[in-house]
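The structure appears right after this line, and notes come after that.
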Amino acid sequence: MIKLDGFSSIFVANWKLNGNLNFINQFFHQIQIPKDISKCIVICPTSIYLDILSKKKKNFFIGAQNVSQYEGGAYTGEISSNSLRDLKIDFCIVGHSERRQIFYEKNNDINLKSSQLIKDKIVPIICVGETFKEKEKGKTNEVLENQLKECIPDSSNSTNTIIAYEPVWAIGTGLTPSLGEIETTHKFIRENNKKFNNFKILYGGSVKSSNSKGIVALTNVDGALIGGASLKLEEFQKIIKD
Ligand code: PGA
């Protein structure tokens, strides 16, 4: 298992269903990963390219975007955490809001997936976040508390699990909470359970080069989960350089 406590900041590129072979070759031909090894850079391509990327990895890490909650068996189309381990994958995003909303993943599925990953020494990056409606009703903390309680498995601790706070309304919209709101919510997550005190907590949702520095500098923010901007080489380069 990767040693998380050695990292000062963690930047996770979530490519979602984007990027072909040509894109990958160009991206890695041009990108300059910072020499500072306390920065952890994780690239999460679609699963079909995990193996290719894993073979290219030098000073960055590879993450999957999803995993099966099952170890093996008659589950057509699924990918097991065990096979991710075979490919030397170190991280996996779990419970992204697109998986929750489009593919109906529930907190309990996320808990089971995260358990499988931990068992196979892969760090789950467990996503939590409120919808705009929930925010408007003042339910952010209540929603987060419930997601944290139900999604984070008993086997999780600060050395094997990352939490990502991603307000659903901020994903791909260009909207973000204020810096003050991000800090308050991250502090809420950290203090919600003693167990989370030393967890790495990332922020995600419309992170770009113009706002990343301020967000990542917040006391309770340990890095960022980046969607759209991670596909634009210049943007991503600036974000990880700051
Ligand atoms: P975004 O996506 O940076 O494009 O808002 C973030 C995410 O989906 O993790």
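The values are calculated or read from the model by the stated rules, or taken from the named source; none is laboratory data. Keep in mind the model is a prediction, meaning the values are calculated, not measured. Cβ sites come from the backbone with ideal geometry, for glycine too, and all protein chains shown count toward neighbours. The accessibility values were calculated without ligands, DNA or RNA, using every heavy atom of the protein model including side chains. Shrake-Rupley method; radii C 1.70, N 1.55, O 1.52, S 1.80 Å.
Which one is least open to solvent (accessible area, probe 1.4 Å) among residues in segment 32-50 that are out of contact with any helix residue (DSSP H, G or I) (no Cβ under 9 Å at 6 or more places or on another chain) and outside any loop (DSSP other than H, G, I, E, B)?
Of all residues in segment 32-50, those out of contact with any helix residue (DSSP H, G or I) (no Cβ under 9 Å at 6 or more places or on another chain) come to 35-36, 42, 46, 48.
Filter once more, keeping what is outside any loop (DSSP other than H, G, I, E, B): 42, 48.
Details: V42: 0, I48: 132 Å².
The extreme case among them is V42.
When you scan segment 60-95, how many residues do you find that are of a type in the set (D, E), surrounded by 17 or more Cβ atoms within 10 Å (Cβ to Cβ) and free of Cβ contacts under 8 Å to residues at least 40 places away in the same chain?
The first filter runs over segment 60-95 and keeps only residues of a type in the set (D, E), leaving 71, 78, 86, 90.
Subsequent filtering for residues that are surrounded by 17 or more Cβ atoms within 10 Å (Cβ to Cβ) retains 90.
Checking the rest, the ones that are also free of Cβ contacts under 8 Å to residues at least 40 places away in the same chain come to none.
Within segment 60-95, residues that are of a type in the set (D, E), surrounded by 17 or more Cβ atoms within 10 Å (Cβ to Cβ) and free of Cβ contacts under 8 Å to residues at least 40 places away in the same chain number 0.
Has segment 96-108 got at least one residue that is touching a residue at least 40 places away in the same chain (Cβ under 8 Å), of a type in the set (D, E, K, R), within 16 Å of the ligand (Cβ to nearest atom) and assigned to a loop (DSSP other than H, G, I, E, B)? Outline the logic, then answer.
Step one: list which residues in segment 96-108 are touching a residue at least 40 places away in the same chain (Cβ under 8 Å), which gives 96-98, 101, 107-108.
Filter once more, so that each one left must be of a type in the set (D, E, K, R): 98.
Filter again for within 16 Å of the ligand (Cβ to nearest atom), leaving 98.
Now narrow it down to the ones that are assigned to a loop (DSSP other than H, G, I, E, B): none.
No, segment 96-108 has no match at all.
When you check V143 against the structure, is it under 26 Å from I2 (Cα atoms) and hydrophobic (A, V, I, L, M, F, W, C), yes or no?
Working: under 26 Å from I2 (Cα atoms): no; hydrophobic (A, V, I, L, M, F, W, C): yes.
For V143, the condition - under 26 Å from I2 (Cα atoms) and hydrophobic (A, V, I, L, M, F, W, C) - is not met.
Mind listing whichever residues of segment 182-195 are within 16 Å of the ligand (Cβ to nearest atom) and either open to solvent by 70 Å² or more (accessible area, probe 1.4 Å) or touching a Ser or Thr at 6+ places or on another chain (Cβ under 6 Å) (or both)?
none
Between residues in segment 168-183 that are closer than 19 Å to K133 by Cβ and residues that are of a type in the set (V, I, T) and more than 8 Å from the ligand (Cβ to nearest atom), which pairs lie under 6 Å by C-beta distance while being six or more apart or on different chains?
V168/T131; A170/T176
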